[in-house]
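Here the structure is laid out as structure tokens; the discussion comes afterwards.
The values are calculated or read from the model by the stated rules, or taken from the named source; none is laboratory data. Predicted, not measured: the structure shown is a model, and the values here were computed from it. Backbone-built Cβ (ideal geometry, glycine too); neighbour counts: all protein chains shown. Ligands, DNA and RNA are excluded from the accessible area calculation, which covers all protein heavy atoms including side chains. Shrake-Rupley method; radii C 1.70, N 1.55, O 1.52, S 1.80 Å.
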Amino acid sequence: MKDLLETIVEKNRKWTKYGNIATYIPGLANSDADHLGVFICDIRGEEYFAGDYDVKFTIQSISKIVSFICALIDNDFQKLSKKISVEPTADGFNSIVNLETKNGHRPLNPMINAGAIATISMVNGLTPKEKFNRVYDFMKKVTNNNHIYINNNIYYSEKTTGDRNRALAYYMKSTGIIEENIEEILNVYFKLCSIEITCKDIAYMGAVLANDGILPMSGERIITKEISKIVKAVMTTCGMYDSSGKFAVKVGLPAKSGVGGGIMAVVPKKMGIGVLGPALDESGNSIAGIKVLEDLSKELDLSIF
Ligand code: GLN
């Protein structure tokens with residue numbers, strides 16, 4: 001397996017030259033586009049890795065998975081669905097248009113920015129600090145890592161330039177989707193997106209979902225089977241934004257990307273996979289990261305379809 005991962009990473013390094021780093025968050029402009037790494041954690045806790053697997057990067061939209069899990073634990077699916085649906089989108093992850101024109105003003109799904117911001121408002125916590133800690137503490141559990149921290153440079157960068165997210169959130173306040181103080185909810189969102197992780201952390205997260213909610217290391221159940229099922233289904237249809245269909249055809253796995261260049265993929269009953277490649281395609285997904293997943297899926301016959 002180690003040899004296979006090394007071969008796949010080296011073969012796909014050329015793809016790191018394509019696409020662009022997400023400079024719309026100025027703090028991300030310093031990321032190194034040459035990085036390419038992969039980490040696998042299987043459901044027995046075995047680990048395999050290659051390339052730049054230990055480079056730190058910000059979790060960005062992969063945090064949306066953790067917020068969604070917490071919101072599903074804190075509310076039932078029916079209640080959550082009144083605010084956020086689980087339908088795919090053909091528009092960009094920070095698109096505004098559907099909030100006005102579709103779906104009774106509900107954001108289409110929790111994997112796009114509007115849906116994730118609304119999801120955070122549904123997480124338990126009377127204060128923004130409590131809401132942040134609710135998701136942050138769960139993120140530590142699901143990554144099996146107590147030493148993950150906010151990158152303050154990226155956090156301030158997001159907070160000072162996040163006007164599109166501000167627009168989405170205030171629009172949702174006007175339609176009653178969010179009732180709380182908008183700046184406070186956005187602050188929680190920006191902080192969660194700015195947490196630094198490695199491929200290993202997201203591979204562990206994927207392994208828990210692959211294992212139907214049970215931590216491979218300790219055997220402790222932290223998510224119900226039902227919730228892991230919902231999360232994997234929504235990852236499959238919405239996790240790669242408006243490229244989720246193409247990704248399902250080419251890779252065939254539940255996955256979630258972030259503009260930091262990470263992708264977390266789940267091979268049900270088998271393993272979690274974390275990849276990093278900071279240069280992104282037009283949808284905001286790692287180009288080289290997808291290539292690595294494509295090859296892995298082919299070589300090991302991992303597609304769920
Ligand atoms: N923090 C980013 C944003 O809000 C997350 C987007 C992403 O990773 N796709 O724009």
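The calculated 222 nm mean residue ellipticity attributable to helices in the chain amounts to -13500 deg cm²/dmol, summing -39500 (n - 2.57) over DSSP H runs of n ≥ 4 and dividing by all residues.
Taking one quarter of the surface of the convex hull spanned by the alpha-carbon atoms of the stretch 86-190 gives a direction-averaged projected area of 7.0 nm².
Between helix 152-161 and the chain there is an angle of about 50 degrees, using the helix long axis and the longest principal axis of the Cα atoms.
In a DSSP loop and with at most 11 other Cβ atoms within 10 Å, the trypsin sites (Lys or Arg not before Pro) in the stretch 237-277 are LYS269. Cα centroids of the stretch 1-63 and the stretch 174-222: 19 Å apart. Taking Cα atoms only, the orientation of helix 225-238 departs from the longest principal axis of the chain by about 90 degrees. The angle between the Cα long axis of helix 182-193 and the longest principal axis of the Cα atoms of the chain comes to about 10 degrees, rounded to the nearest 10.
Solvent-accessible area assigned to carbon and sulfur over the chain amounts to 51 percent, based on a 1.4 Å probe. Computed over the chain, the Cα gyration tensor eigenvalues convert (square root of 5λ each) into semi-axes of 28, 21, 18 Å, ordered from largest to smallest. The rule of thumb for compact globular proteins, 2.2 N^0.38 Å, goes into the C-alpha radius of gyration of the stretch 139-297 1.09 times. Which of LEU300, PHE190, GLY252 sits closest to the plus end of the dipole of the stretch 157-305, meaning its Cα is farthest towards the positive end, when Lys and Arg get +1 and Asp and Glu get -1 on the C-beta? Ranked along the dipole, the leading option is LEU300. Here is the link list: LYS79/LYS229; LYS56/LYS82; LYS64/LYS200; LYS102/LYS270; LYS229/LYS291. Which ones come out longer than 29 Å on Cα distance? In this structure, LYS56/LYS82; LYS102/LYS270 exceed 29 Å between Cα atoms. In plain terms, the chain from LEU4 to ILE222 could stretch by 75.3 nm, reckoned as 0.36 nm per residue minus the Cα-Cα distance.
At a probe radius of 1.4 angstrom, the accessible area of the chain per residue rounds to 40 square angstrom. ASP52 sits among other residues whose Cβ lies under 11 Å from its own Cβ, and their net charge, with Lys and Arg +1 and Asp and Glu -1, is -1. Of the trypsin sites (Lys or Arg not before Pro) found in the stretch 60-92, those that fall in a DSSP loop while having at most 12 other beta-carbon atoms within 10 Å are LYS82. Taking a Cβ cut-off of under 11 Å around SER85, the surrounding Lys, Arg, Asp and Glu residues balance to a net charge of +3, with basic ones at +1 and acidic ones at -1.
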